[in-house]
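*Asks:* Sharing a structure below in structure tokens format, with a few things to ask.
The values are calculated or read from the model by the stated rules, or taken from the named source; none is laboratory data. The model shown is predicted, which means the values in this text are computed figures rather than measured ones. We place every Cβ from the backbone using ideal geometry, glycine too, and count neighbours over all the protein chains shown. For the accessible areas, the whole protein counts, side chains as well, though only heavy atoms, and no ligand, DNA or RNA atoms are used. Shrake-Rupley method; radii C 1.70, N 1.55, O 1.52, S 1.80 Å.
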Amino acid sequence: MTGDRDLPAGDFSTWLGEVQRSIRGERGSDVPCDGCTACCRASQFVHIGPDETDTLAHVPAGLLFPAPRMPRGHVLLGYDERGHCPMLIDDRCSIYEHRPRTCRTYDCRVFPAAGLEPEGDDKVLIAERAQRWKFSYAGEEDRALHDAVRAAATYLPTHPDLLPDGSAVATNTQLAVMAVEAHGVFLRGDPTEDEVRVVLSRRRSGHA
């Protein structure tokens with residue numbers, strides 16, 4: 001997509017609640033894409049779980065390969081020589097109603113929420129789209145929530161030992177999602193390392 005005009009990202013607190021439910025797998029993301037296919041043209045591997053039988057029935061098996069370091073049955077859908085998802089035909093998703101969970105939960109508004117940009121030359125279109133999103137704020141509480149997400153995004157990469165299993169944050173996408181998950185402990189100011197570790201561990205184990 002091209003154009004310099006701002007895009008309304010919605011009320012921040014409303015969006016934050018919705019994206020948290022999406023991260024927990026309670027719902028999909030309701031992103032006002034308006035025809036944008038930037039994420040479909042960004043050389044991204046799309047994870048598909050073994051329980052996504054409807055999606056698997058609509059993706060040719062030859063386009064799938066086992067997902068590294070994941071249990072049997074988890075697969076990845078790759079991209080073509082242009083970096084496009086092979087299910088993107090005539091600039092539209094040919095399996096939109098049957099698209100993978102990864103696609104249903106992807107929300108590029110997480111980047112401006114965290115004050116981050118996706119890395120890599122192949123993510124330029126996503127970065128351009130993300131820069132155009134502008135949140136609205138119903139009041140100071142919304143602004144405080146946004147500040148907390150950004151504070152978490154600044155804090156986490158400097159404390160990799162607090163992340164689940166001691167893993168390093170590989171991408172700004174992962175970092176932005178973790179910032180959304182951990183923002184609550186930053187609302188009260190500077191949290192302790194234990195508070196951050198606990199909330200991240202709890203989220204990953206599905207108890208949040």
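*Asks:* Condition first: surrounded by fewer than 18 Cβ atoms within 10 Å (Cβ to Cβ) and hydroxyl-bearing (S, T, Y). Now tell me which residues in the range 92-109 satisfy that.
*Replies:* Listed by number, the residues that qualify are S94, Y96.
*Asks:* Only residues that are free of Cβ contacts under 8 Å to residues at least 12 places away in the same chain and farther than 26 Å from T14 by Cβ: list them for the range 82-119, please.
*Replies:* Residues satisfying the conditions are I89, D90, S94.
*Asks:* Tell me yes or no: at least one residue of the range 73-84 is within 20 Å of D34 (Cβ to Cβ), open to solvent by 80 Å² or more (accessible area, probe 1.4 Å), among the hydroxyl-bearing types (S, T, Y) and under 20 Å from the mean Cα position of the chain (by Cα).
*Replies:* no
For every residue, the table says whether it meets (1) in contact with a helix residue (DSSP H, G or I) (Cβ under 8 Å, 6 or more places away or on another chain); (2) surrounded by 14 or more Cβ atoms within 10 Å (Cβ to Cβ); (3) under 30 Å from D54 (Cβ atoms).
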residue: F111; (1), (2), (3): yes, yes, yes
residue: A114; (1), (2), (3): yes, yes, no
residue: R150; (1), (2), (3): yes, yes, no
residue: P157; (1), (2), (3): yes, yes, no
residue: P160; (1), (2), (3): yes, no, no
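*Asks:* Being farther than 19 Å from A114 by Cβ and of a type in the set (K, R) is the filter; apply it to the range 14-72 and report the residue that is modelled with the lowest pLDDT.
*Replies:* Restricting to residues being farther than 19 Å from A114 by Cβ and of a type in the set (K, R), the top hit is R27.
*Asks:* When you look at T192, is it among the polar types (S, T, N, Q), farther than 20 Å from R21 by Cα and out of contact with any Gly (no Cβ under 6 Å at 6 or more places or on another chain), yes or no?
*Replies:* For T192, the condition - among the polar types (S, T, N, Q), farther than 20 Å from R21 by Cα and out of contact with any Gly (no Cβ under 6 Å at 6 or more places or on another chain) - is met.
*Asks:* Can you pull out every residue in the range 48-59 that is touching a residue at least 24 places away in the same chain (Cβ under 8 Å) and either buried (at least 16 other Cβ atoms within 10 Å of the Cβ) or within 16 Å of S94 (Cα to Cα) (or both)?
*Replies:* Across the range 48-59, the qualifying residues are I48, G49, E52, D54, T55, A57, H58, V59.
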